[in-house]
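Written out below as structure tokens is the structure these notes cover.
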Amino acid sequence: MSEKFDVIIVGAGPGGSAAAYSLAKMGFNVLMVERGKYPGAKNVMGGRMYAYALNRLIPEFWKEAPIERKVTHEKLTLQGEKASFTLDFMDEELREPPNSYTILRGKFDQWFAGKAVEAGATLVSSIRVDDLIWENNMITGIVAGTDRIQANVVIAADGAVSLLSEKAGLKKFDILQFALGIKEIIELPEKTIEERFNLASGEGAAQLFVGHCTKGIPGGGFIYTNKTSLSVGIVVSINSLIEKKIESHELIRQFNTNPAVAALIEGGKILEYSAHVIPETSRSELFTDGMLVVGDAGGLIVNSGITLRGIDMAIASGVAAAEAVKKAAQENDFSKQSLSYYEELLKRDFVLQDKETFKKAPEFLQNERLYTLYPEFVCRLFHRLVLVDGPKKRAFDELLEESKGNRIQMFLDMVRGMRSL
Ligand SMILES: Cc1cc2nc3c(=O)[nH]c(=O)nc-3n(C[C@H](O)[C@H](O)[C@H](O)COP(=O)(O)OP(=O)(O)OC[C@H]3O[C@@H](n4cnc5c(N)ncnc54)[C@H](O)[C@@H]3O)c2cc1C
């Protein structure tokens with residue numbers, strides 16, 4: 001291929017497709033290169049997408065996109081060693097406008113890349129980009145095998161382990177800055193899912209698990225309900241996995257056999273197993289001469305402890321990258337200085353605002369007491385409250401009794417938590 005494109009986008013995940021769709025609609029000649037057999041073939045995702053960013057780009061996308069279920073139930077399970085405590089939050093107002101949907105990436109990414117193609121972008125799959133072309137210190141294209149393809153701008157949308165941002169000298173790969181996500185898709189009949197999660201037809205649940213399920217390792221488990229399957233998995237700190245010498249497949253096995261989880265997945269058939277890293281604290285510079293970095297490649301992910309958001313961040317950053325390319329093209333200037341407009345756009349939008357708001361969260365979430373002491377404390381306290389085996393104390397006295405010896409630590413953690421999350 002020797003043609004020159006206005007923009008080459010590497011990676012057809014949500015970040016790449018959002019950029020390609022936006023640029024193609026603006027009339028640019030766009031090439032999207034994906035190493036998987038099809039977009040979504042290589043993507044691992046727990047299964048929930050917050051709707052806000054995509055709804056701005058494609059209003060009411062849920063009317064045409066392959067979504068699984070609208071999430072109306074938010075559940076949080078705190079797991080002690082012998083007990084678990086579940087909060088079930090059901091909110092009518094999460095129905096309209098919809099807050100989040102469960103999706104299966106194999107289907108969703110194909111649909112989204114298809115929208116970019118419909119808008120005029122060219123997609124080539126099964127091609128891995130190996131390197132960048134440089135001319136006079138500017139990035140001017142990509143190398144894929146023996147092909148060299150030129151463009152005014154390259155957009156790196158190549159995910160968490162972004163080869164391109166490393167090749168461009170924008171980041172150094174350090175495995176300890178990543179979390180590990182492991183996911184299984186477990187097939188179950190539609191009715192069984194709705195009964196087990198107490199759902200109306202078409203509605204969905206997102207359940208997070210914190211505590212004993214990760215054996216004290218910072219992280220947690222999740223179950224998201226799809227139409228006829230569950231996305232079940234864990235996300236854990238790689239640093240602690242290495243320190244504690246725990247095998248990740250052992251953790252997911254323990255998670256699945258845990259009574260609170262086992263009852264929900266019972267009788268299901270595992271259709272898919274996958275593992276992937278999440279750039280929890282890894283961050284790349286976002287622009288250089290001739291190149292922009294979007295989504296996971298730039299470390300644009302936010303874990304607030306309650307919400308893990310990467311897809312909406314990738315989509316919003318893809319759209320901002322397209323806007324920055326448009327401005328650069330109008331000025332016919334693709335230098336680093338001109339493309340810095342991209343970062344300005346991200347700062348005006350939720351992407352870098354949320355990164356800033358939750359910048360202390362990753363460090364706070366490394367606190368092992370969140371996964372050991374506190375879930376156990378809540379379970380023990382409720383055990384005391386519900387048990388009748390003689391004279392009872394008032395709830396407040398039980399609280400004082402159960403927290404004895406840990407109160408100062410708990411208070412300090414609470415203050416840190418309020419500053420971080
Ligand atoms: C277990 C797990 C659970 C998660 N749960 C959630 C969740 O519930 N909600 C949420 O919002 N986010 C979640 N995330 C994060 C979310 O998956 C990412 O933030 C999101 O996929 C980022 O999109 P992206 O387009 O930047 O990158 P990706 O989706 O990773 O897409 C990158 C694309 O680039 C392609 N590619 C890579 N290298 C090359 C190359 N050299 N040449 C050509 N193509 C290449 C890949 O094949 C891929 O298609 C989760 C992640 C994991 C691992």
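The values are calculated or read from the model by the stated rules, or taken from the named source; none is laboratory data. Quantities reported herein were computed from a predicted structural model and do not represent experimental measurements. We place every Cβ from the backbone using ideal geometry, glycine too, and count neighbours over all the protein chains shown.
Summary of computed values
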| read-out | value |
| --- | --- |
| Any hit, segment 148-165, residues being loosely packed, with under 15 Cβ neighbours inside 10 Å, small (Gly, Ala, Ser) and either at pLDDT below 95 or outside any strand (DSSP E or B) (or both) | no |
| Those residues of segment 291-312 which are within 10 Å of the ligand (Cβ to nearest atom), closer than 17 Å to residue 342 by Cβ and of a type outside the set (Gly, Ala, Ser), in sequence order | 293, 294, 296, 300 |
| Pairs where the first residue, in segment 259-287, is over 23 Å from residue 191 (Cα atoms) and without any contact (Cβ under 8 Å) to a residue 60 or more places away in the chain and the second is more than 13 Å from the ligand (Cβ to nearest atom) and of a type in the set (Phe, Trp, Tyr), C-beta under 7 Å, 6+ apart | 287/342 |
| Which listed residue, of 114, 120, is modelled with pLDDT of 95 or more, assigned to a loop (DSSP other than H, G, I, E, B) and not hydrophobic (A, V, I, L, M, F, W, C) | 120 |
| Qualifying residues in segment 50-60 (those that are more than 15 Å from the ligand (Cβ to nearest atom) and of a type outside the set (Asp, Glu)) - the one nearest to residue 375 (Cα to Cα) | 56 |
| One residue from 217, 238 being more than 30 Å from residue 70 (Cβ to Cβ), within 16 Å of the ligand (Cβ to nearest atom) and touching a Lys or Arg at 6+ places or on another chain (Cβ under 7 Å) | 217 |
| Odd one out for residue 380, checked against (1) surrounded by 14 or more Cβ atoms within 10 Å (Cβ to Cβ); (2) more than 22 Å from residue 83 (Cα to Cα); (3) of a type in the set (Lys, Arg) | (2) |
| Where residue 216 falls short, out of the listed (1) touching a helix residue (DSSP H, G or I) at 6+ places or on another chain (Cβ under 7 Å); (2) assigned to a loop (DSSP other than H, G, I, E, B); (3) within 29 Å of residue 284 (Cα to Cα) | (3) |
| Qualifying residue in segment 360-378 (condition: touching a helix residue (DSSP H, G or I) at 6+ places or on another chain (Cβ under 7 Å), farther than 27 Å from residue 241 by Cα and in a loop (DSSP other than H, G, I, E, B)) | no |
| Residues satisfying the stated conditions in segment 1-27, i.e. of a type outside the set (A, V, I, L, M) and within 7 Å of the ligand (Cβ to nearest atom) | 11, 13, 14, 15, 16 |
| Pairs with Cβ under 8 Å, 6+ apart, first in segment 125-151 and near the ligand (Cβ under 10 Å from one of its atoms), second part of a strand (DSSP E or B) and of a type in the set (Lys, Arg) | 142/148 |
| Count of residues meeting criterion [within 16 Å of the ligand (Cβ to nearest atom), of a type in the set (Gly, Ala, Ser) and surrounded by fewer than 17 Cβ atoms within 10 Å (Cβ to Cβ)] in segment 257-290 | 2 |
| Any hit, segment 28-49, residues being within 15 Å of the ligand (Cβ to nearest atom), at negative phi and among the acidic types (Asp, Glu) | yes |
